[in-house]
Amino acid sequence: MGMLGDTIRLCSKDLKPFSVSFGIYFMAFAMFGFMLFNTELESYGTFTGTLEALFAFSLGDYDYESFVVR
């Protein structure tokens, strides 16, 4: 655990700005998705649902069929 702690301590200087910028971009992308799909898709009906759907989408778990326009 000592090596892991040292590694995290050394990279925390670089991770802080990355985390802030990632959070800003993720929230902006989520807001755009919410405004675009909230009336069309059930999982994007609330902003919290949009955040959950985008997080699942980034992990590769998404429902492609719900995006198909019929």
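Nothing in this text is a laboratory measurement; each read-out follows from the coordinates by a stated rule. Only a predicted model underlies this, so the values are computations on that prediction, with no experimental measurement involved. Virtual Cβ from ideal backbone geometry, glycine too; neighbours counted across all protein chains shown.
General remarks:
- Recomputing log10 I(q)/I(0) by the Debye sum over Cα atoms at q = 0.18 Å⁻¹ from the coordinates shown identifies the correct label among (1) -0.74; (2) -0.65; (3) -0.58 as (1).
- Magnitude of the charge dipole, segment 1-68, Cβ model with Lys/Arg +1 and Asp/Glu -1, debye to 20: 540 debye
- Whole-Hz Karplus values for segment 4-9 come out as 5, x, 5, 5, 5, 4 Hz, taken residue by residue from phi with 6.51 cos²θ - 1.76 cosθ + 1.60 and θ = phi - 60°; glycine and proline positions read x.
- Applying a DSSP loop filter and a limit of 11 other Cβ atoms within 10 Å to the GluC sites (Glu not before Pro) in the chain leaves GLU40.
- Springs join every pair of Cα atoms under 10 Å in this Gaussian network model of the chain, and among LEU36, LEU54, LEU15 the largest mean-square fluctuation is at LEU15.
- Residues whose placed amide H lies under 5 Å from that of ASN38, excluding near-sequence neighbours: none
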